[in-house]
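Single-structure report; data block below.
The values are calculated or read from the model by the stated rules, or taken from the named source; none is laboratory data. On a predicted model such as this, the values are computed, not experimentally measured, just so you know. Cβ sites come from the backbone with ideal geometry, for glycine too, and all protein chains shown count toward neighbours. We work out accessible area using only protein heavy atoms, side chains counted, and drop any ligands, DNA or RNA first. Shrake-Rupley method; radii C 1.70, N 1.55, O 1.52, S 1.80 Å.
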2 protein chains.
Amino acid sequence: MKFQAEIDIMPLKALLDPQGKAVSGSMKNLGLPEITNVRIGKHISLEIEADTKELATAKVDEACKKLLANQIMESYKFELVVLG
Amino acid sequence: MKFQAEIDIMPLKALLDPQGKAVSGSMKNLGLPEITNVRIGKHISLEIEADTKELATAKVDEACKKLLANQIMESYKFELVVLG
């Protein structure tokens, strides 16, 4: 079966996010002061071929740990949907 | 009311995504050849104060168009949830 994974990788809450802070500041200048607490991370979509959803979950988790996320600075979460 | 917006900004499907291509290649070297079609974009979370969900949606849409997404190269979508 083929699955599509949608992964969000965000800077840990305990860490400063300078890019997000800069964007929060820009919102004021753009006339959108209602917007605060901007945090910016990565969104990754990928396709994975696996026999079961459990196997696909394990593989995506391995990919996140080994390559996609830096667990010292980032947290990740993902969702899998069956394709086709 | 306070809302939390979760925004995904992805490179348009018609465009090459060199970062995603590079990661797809790395998956093979990592022993995860099942993973293909990696595309990498941004995930942005922010908080917004607005009277109604419709107003919040309009403001977040304006923020995406004006600052967060480059509509020539990227598409965006977002979800709003009520906070607290």
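Worth a mention:
- Residue count for region A:1-42 under the criterion of being more than 20 Å from B:Ala69 (Cβ to Cβ) and open to solvent by less than 30 Å² (accessible area, probe 1.4 Å): the result is 2.
- Identity of the residue in region A:72-84, under 12 Å from the mean Cα position of the chain (by Cα) and exposed (fewer than 13 other Cβ atoms within 10 Å of the Cβ), that ends up nearest to A:Ala14 (Cα to Cα): A:Lys77
- Checklist (1) among the polar types (S, T, N, Q); (2) open to solvent by 20 Å² or more (accessible area, probe 1.4 Å); (3) in a strand (DSSP E or B) applied to A:Ser45, failing item: (2)
- Residue within region B:49-67 that is at the interface with chain A (Cβ under 7 Å from one of its Cβ atoms), in contact (Cβ under 8 Å) with a residue 40 or more places away in the chain and surrounded by 12 or more Cβ atoms within 10 Å (Cβ to Cβ) present: yes
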